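Contents: one structure, followed by commentary.
The values are calculated or read from the model by the stated rules, or taken from the named source; none is laboratory data. This structure is a prediction, so every number in the text was calculated from the model and none was measured. We place every Cβ from the backbone using ideal geometry, glycine too, and count neighbours over all the protein chains shown.
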Amino acid sequence: MESIAKIRKIRSPGKPNSIYLMKLKSLPFRQVHLDFHTSPHIPEIGAKFDKARWQDTLQEARVNSITLFSKCHHGWSYHPTTVGKMHPHLNFDLLRAQYDACKEIGVAVPVYLSAGVDNLAGEEHPEWREINAEGTYAGWTASPLKPGFLSMDFLSPYLDYLCLQIEEAARLFPDCDGIFLDIISQSPGVSKWRLAQMAAKGWDAEKLADREQSAQAALLSYFERTTTAAKTSDPNMPIFHNSGHIPRGSHDLLKFFSHLELESLPTGGWGYDHFPMSAKYVINLGFDFLGMTGKFHTTWGEFGGQKHPNALRYECAAMLAFNAKCSIGDQLHPNGELDPTTYRSIAAAYREVEAKEPWCQDTRPVSDIGVLSSEAENHSDRQNAPDEGVTRTLLEGHFLFELVDREMDFSRFKLLILPDDVRIDPALKALLDAYMAQGGKMLLTGESGLWNDRAEFAFDLGVDYSGPSEFAPDFALPQPEFRAEFVSTPVVMYLRSQRIRATSGDSLGQIYDPYFNRTFRHFCSHQHTPFRTEASGFDCGVRHGEITYLAHPVFSLYRTYGAVVHREYITKVISSLLGAQPTLQINLPSTARVALNHQATAHRKVLHLLFANTVARGGSMNLSGGTVASNGLTIEVIEELLPLRELRIALRDQPPLKMVTLEPQGTELSFIQSNGVVEFQVDEFTCHQMVALTEA
């Protein structure tokens with residue numbers, strides 16, 4: 001949702017939205033998001049809905065909230081409507097039947113409406129559709145000969161139509177547990193509505209920047225009007241606007257949200273490291289939030305696709321570990337019957353979640369490291385290599401960390417990382433200077449630390465700076481304490497470095513240049529040219545006081561290439577910066593995950609240990625429009641859950657403890673505590689284990 005990320009007025013971070021908390025004190029832990037996008041060409045809609053079977057299925061699966069459909073992407077309503085049109089092959093009020101069945105057994109029901117796409121409205125009113133600068137329809141499908149959904153222009157009368165539908169649903173179901181609005185985005189288009197608006201504002205439609213401004217205005221109008229519509233019967237109605245991503249650094253639009261839902265289907269293109277990255281940012285926004293995975297082997301809209309139940313067990317455990325409630329995406333068959341296979345898999349996960357909830361309510365992460373988000377600073381979209389690379393590096397290195405933006409508090413962290421392309425303006429410089437004056441440390445990489453308007457560092461790094469290297473790639477040989485144990489010769493660094501020579505700073509190692517860049521005039525072998533045997537005289541990194549700088553964009557490099565030698569280099573530098581101060585030391589493999597949370601109301605810390613071996617299976621595919629084709633994504637699969645054994649754990653800066661227990665088993669562990677350091681061992685765990693450290 002790139003256009004949303006560009007609207008950046010600031011809301012005070014860290015304060016819960018009290019309006020939502022008045023309606024529902026906290027989000028339910030065990031939710032299902034029940035998609036129901038149903039073609040008008042399928043008969044007998046809801047014909048097999050059976051109230052008793054519906055209720056039994058949800059209860060057996062331990063579901064306590066389910067999002068049900070008022071209107072789908074096809075544009076059809078699933079209840080009688082005076083605004084839109086009920087599905088042509090539905091002959092009763094399906095939503096009411098589902099809704100009442102859920103409420104009878106204490107299951108919460110948010111109500112869903114498709115907002116950004118609507119095929120019925122788009123076909124009846126093609127003038128309401130988004131049109132791009134080339135004059136073709138924007139969105140999921142441009143041609144009437146292609147299957148897919150139609151993107152709607154929020155400056156057109158479609159927004160009036162949508163708001164009436166939202167108001168109708170809110171009046172029909174005034175005691176529902178929220179309104180969920182989907183596909184919230186706008187492109188920099190040139191529909192007649194956009195052209196008229198730009199002309200009235202004095203904007204130039206031929207300029208991309210002005211068209212983007214028009215898209216932002218359309219989005220803001222959408223947020224203001226739909227939020228008002230959702231609250232037409234209840235000013236405390238919870239509302240969530242889904243764009244598949246919570247933009248980092250954009251606070252202004254958060255005032256339109258009651259809570260956050262982090263859509264992150266690992267097999268649907270997000271991957272298994274996306275959810276932790278997103279959760280480690282939104283925890284600082286002050287909202288209750290949930291993670292949203294899917295039961296699908298691939299992604300939304302997959303009928304008959306089933307991931308292994310062990311995958312759902314792990315994915316829900318990860319949500320708990322990273323301070324979220326749980327939601328599993330499903331798609332209801334047009335006949336209205338919940339799929340037994342799906343709900344047996346959900347039950348396997350949610351029985352465990354139910355047992356673990358007491359240790360996961362009202363928790364906050366304990367973190368040593370803050371990462372100043374590249375996405376937040378650069379207003380980039382969700383595919384941000386520095387953020388993804390630093391997240392993956394820190395997860396695999398078992399560091400305790402959070403992602404932050406410049407509006408958040410840096411002082412909590414022992415170390416602040418600015419990954420790869422976080423350039424400095426005067427306002428940010430003042431914030432970072434204040435952080436350093438309080439005893440903080442910084443790690444800068446690549447272009448981070450350079451002024452945003454000139455080729456100079458904003459901080460004294462103890463170096464002479466000569467600009468970006470003329471060579472790509474070059475090679476690095478870090479000092480022995482900073483390189484992988486199996487490395488003794490220069491390692492290729494695939495992305496361009498910045499040229500630095502240590503003066504008053506301490507060198508972390510040397511750069512070796514290739515003989516020449518690979519061109520048609522001169523090249524060597526299949527890839528790049530080998531390194532010269534003498535060091536270039538430039539340094540791969542430097543430490544000066546409490547600031548450490550690495551000359552390569554190492555996090556983008558690791559995100560792109562995934563070489564262990566690069567991760568070892570980065571993590572050894574980070575460990576040296578933390579020195580004797582890391583809160584956690586643990587002997588987990590890099591594929592395992594760890595989180596430490598503070599549950600203040602229960603006077604305890606809860607350590608979460610997670611492990612599942614993911615395997616890439618299948619060929620590449622393209623899931624755009626719901627049709628599998630050649631090239632595109634591969635799938636990470638979780639099948640077997642293997643145990644980890646003999647984990648040795650040390651936690652620093654801990655208050656006197658009364659006991660250490662495995663939860664929810666209640667098994668006490670022996671521990672040693674001295675000078676605030678607690679040491680204990682977990683003999684074995686599979687998938688997920690919580691360890692509670694209860695204060696004396």
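Working only within the range 118-138, note down all residues that are out of contact with any helix residue (DSSP H, G or I) (no Cβ under 8 Å at 6 or more places or on another chain), closer than 21 Å to residue 85 by Cβ and buried (at least 18 other Cβ atoms within 10 Å of the Cβ).
119, 120 - these are the residues of the range 118-138 that are out of contact with any helix residue (DSSP H, G or I) (no Cβ under 8 Å at 6 or more places or on another chain), closer than 21 Å to residue 85 by Cβ and buried (at least 18 other Cβ atoms within 10 Å of the Cβ).
How many residues does the range 94-142 contain that are of a type in the set (Val, Ile, Thr), within 30 Å of the chain's Cα centre (by Cα) and in a loop (DSSP other than H, G, I, E, B)?
3
Just for the range 275-321: of the residues that are out of contact with any helix residue (DSSP H, G or I) (no Cβ under 6 Å at 6 or more places or on another chain) and of a type in the set (Phe, Trp, Tyr), which one is farthest from residue 401 (Cα to Cα)?
This residue is 303.
Condition test on residue 507, is it assigned by TED's automatic domain parsing to the domain that holds residue 570, surrounded by fewer than 20 Cβ atoms within 10 Å (Cβ to Cβ), at pLDDT below 95 and of a type in the set (S, T, N, Q)? Before the answer, list the steps.
Working: assigned by TED's automatic domain parsing to the domain that holds residue 570: yes; surrounded by fewer than 20 Cβ atoms within 10 Å (Cβ to Cβ): yes; at pLDDT below 95: no; of a type in the set (S, T, N, Q): yes.
No: the conditions fail for residue 507.
Can you find even one residue in the range 71-93 that is touching a helix residue (DSSP H, G or I) at 6+ places or on another chain (Cβ under 6 Å), within 18 Å of residue 110 (Cβ to Cβ) and of a type in the set (A, V, I, L, M, F, W, C)?
No; the residues of the range 71-93 include none that is touching a helix residue (DSSP H, G or I) at 6+ places or on another chain (Cβ under 6 Å), within 18 Å of residue 110 (Cβ to Cβ) and of a type in the set (A, V, I, L, M, F, W, C).
Need a quick list: helices (runs of 4 or more DSSP H) entirely within the range 148-248 having at least 2 residues that are touching a helix residue (DSSP H, G or I) at 6+ places or on another chain (Cβ under 6 Å) and either of a type in the set (Gly, Ala, Ser) or more than 24 Å from residue 122 (Cβ to Cβ) (or both).
So the answer is 208-230.
In the range 510-519, what residues are under 26 Å from residue 562 (Cβ atoms) and either in contact with a strand residue (DSSP E or B) (Cβ under 9 Å, 6 or more places away or on another chain) or modelled with pLDDT of 95 or more (or both)? Before you say what the answer is, go through the steps one by one.
Initially, the range 510-519 is screened for residues under 26 Å from residue 562 (Cβ atoms), giving 510-514, 517-518.
Within the range 510-519, 510, 511, 512, 513, 514 qualify.
Of the conditions (1) touching a Lys or Arg at 6+ places or on another chain (Cβ under 6 Å); (2) buried (at least 23 other Cβ atoms within 10 Å of the Cβ); (3) polar (S, T, N, Q), residue 335 fails just one. Which one is it?
Of (1) touching a Lys or Arg at 6+ places or on another chain (Cβ under 6 Å); (2) buried (at least 23 other Cβ atoms within 10 Å of the Cβ); (3) polar (S, T, N, Q), only one is false for residue 335: (2).
Can residue 386 be described as in a helix (DSSP H, G or I) and either more than 18 Å from the chain's Cα centre (by Cα) or closer than 22 Å to residue 272 by Cβ (or both)?
Against the criterion (in a helix (DSSP H, G or I) and either more than 18 Å from the chain's Cα centre (by Cα) or closer than 22 Å to residue 272 by Cβ (or both)), residue 386 qualifies.
Take the residues of the range 370-392 that are surrounded by fewer than 23 Cβ atoms within 10 Å (Cβ to Cβ) and touching a residue at least 60 places away in the same chain (Cβ under 8 Å): which is nearest to residue 576 (Cα to Cα)?
Applying the filter and picking the extreme gives 392.
Would you mind finding the one in 439, 467 that is assigned to a loop (DSSP other than H, G, I, E, B), at pLDDT 95 or above, out of contact with any Cys (no Cβ under 7 Å at 6 or more places or on another chain) and surrounded by fewer than 19 Cβ atoms within 10 Å (Cβ to Cβ)? Steps first, please.
Values: 467 fails: assigned to a loop (DSSP other than H, G, I, E, B).
Of the residues listed, the single one that is assigned to a loop (DSSP other than H, G, I, E, B), at pLDDT 95 or above, out of contact with any Cys (no Cβ under 7 Å at 6 or more places or on another chain) and surrounded by fewer than 19 Cβ atoms within 10 Å (Cβ to Cβ) is 439.
Are any residues in the range 139-153 buried (at least 17 other Cβ atoms within 10 Å of the Cβ) and either touching a strand residue (DSSP E or B) at 6+ places or on another chain (Cβ under 9 Å) or farther than 20 Å from residue 192 by Cβ (or both), and if so, which ones?
Result: 139, 140, 141, 148, 149, 150, 151, 152, 153.
Any residue in the range 658-687 that's surrounded by 13 or more Cβ atoms within 10 Å (Cβ to Cβ): show its pairings with residues that are part of a loop (DSSP other than H, G, I, E, B) at Cβ separation under 6 Å, as long as the two are six or more apart or on different chains.
Short answer, once both residue conditions are applied: 677/652; 678/654; 686/641; 687/641.
Kindly indicate the residue of the range 592-633 that is modelled with pLDDT under 95 and in a loop (DSSP other than H, G, I, E, B) and also surrounded by the most Cβ atoms within 10 Å (Cβ to Cβ) among those meeting that condition.
Filtering the range 592-633 for residues that are modelled with pLDDT under 95 and in a loop (DSSP other than H, G, I, E, B), the one surrounded by the most Cβ atoms within 10 Å (Cβ to Cβ) comes out as 623.
Filter the range 54-90 down to residues that are closer than 25 Å to residue 40 by Cα and in contact (Cβ under 8 Å) with a residue 24 or more places away in the chain, then give me how many there are.
Final tally of qualifying residues: 24.
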